[in-house]
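Visitor: Let me give you the structure first, and then I'll get to my questions.
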Amino acid sequence: MPLKKSSRRSKKYLSLFLVILLPLAVVFLYRQIQALLKIRHFECRLDSQPCPENIARQFNDLIVGKSLLNTNPVELSKQLSVQYPYFENISLTLELFRLSALLDLTRSRPIAYVKGSHDYALSVSGVVTGLGTNTDNLVLLTPNFSVNELNIGQKFSQPEIIAALEIIKELKYRSLEINGVEITDTDKLSFRLKTGETIIFSPQKSITEQVDSLQLIFSRTKIEGKRFRELDLRYQKAVLVF
């Protein structure tokens, strides 16, 4: 009987020892794998070309040495996009077997400019891509409020400007050329088309729905042989002035 009790006690202690040891062994093994599976090779591309040395070095210091097990490329790409808003797109790809990372950067392209203390060239997301005169014949945004002084890489936060940039992108995509944009108040964006019409948008309504309505009205008036001077899309029923 004493032998059986001793055997049971030994098994109990062994089970308890394994219960304590196993998690520690798993943690130790995981940390060892983490140390082995670190990003050791890094490649950076800007607009499909090798990054300039200063940009490559900057991102190299942020990425090389990170654990491949703990690094979520999608989340890290989002964090870098917030940290570096002057890139229109940042995409990170990890390769486990090569212990490498590939970073694809897309430079912000200006689609409009706004006058302030400088002439600011703006990307579609509102990031300042350049300062100075409008040498690229970009669409001029004229706000009725003062514009804060910003540097290249900083971003405009005014919702009216962001909405105007989005509308410019949509109109360009649909081959509608713009002469200029006036931001007269928080609910009125006046677009002058090169064909002579004035289109009034609301920054507080769906941009896509307003542009879709514009195209439908253009098609309908063309079929009817009419040409309007002004179209106001801010209301539930669009207002036409001939």
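Values in this text are rule-based calculations from the coordinates and carry no lab data. Please read all numbers here as calculations on a predicted model, not as lab measurements. All Cβ positions, glycine included, derive from the backbone under ideal geometry; neighbour counts span all protein chains shown.
Visitor: If the limit is 26 Å between Cα atoms, which of K188/K237; K155/K237; K172/K237; K172/K205; K38/K155 go over it?
Guide: On the way: K188/K237 16 Å; K155/K237 34 Å; K172/K237 24 Å; K172/K205 19 Å; K38/K155 34 Å.
Listed pairs above 26 Å: K155/K237; K38/K155.
Visitor: Can you give the relative contact order of segment 86-242 as a percent, counting alpha carbon pairs under 8 Å and 6+ residues apart? Intermediate values should be presented prior to the final figure.
Guide: Values: 295 pairs, mean separation 22.4, N = 157.
Computed over segment 86-242, the figure is 14 percent.
Visitor: Mind checking segment 126-209 for GluC sites (Glu not before Pro) that DSSP puts in a loop (not H, G, I, E or B) and that have at most 11 other Cβ atoms within 10 Å?
Guide: Numbers: sites: E149, E160, E166, E170, E177, E182, E197, E209; in loops: E149, E177, E197.
Sites meeting the loop and neighbour criteria: E149, E177.
Visitor: Roughly how big is segment 112-241's charge dipole about its Cα centre, with Cβ charges of +1 (Lys, Arg) and -1 (Asp, Glu), in debye to the nearest 20?
Guide: Values: 16 positive and 16 negative charges, 91 e Å.
Dipole of segment 112-241, to the nearest 20 debye: 440 debye.
Visitor: Now for a separate question. Compute the whole-percent fraction of alpha carbon pairs in segment 138-199 spaced more than 12 Å apart. Before the final figure, lay out the partial values.
Guide: On the way: 1303 of 1891 pairs.
Every Cα pair in segment 138-199 considered, those over 12 Å come to 69 percent.
Visitor: Taking loop as defined by DSSP and a crowding limit of 13 other beta carbons within 10 Å, which chymotrypsin sites (Phe, Trp or Tyr not before Pro) in segment 64-131 fit? Don't jump to the answer; show the numbers that get you there.
Guide: Values: sites: Y86, F87, F97, Y113, Y120; in loops: Y86, F97.
Qualifying residues, ordered by number: F97.
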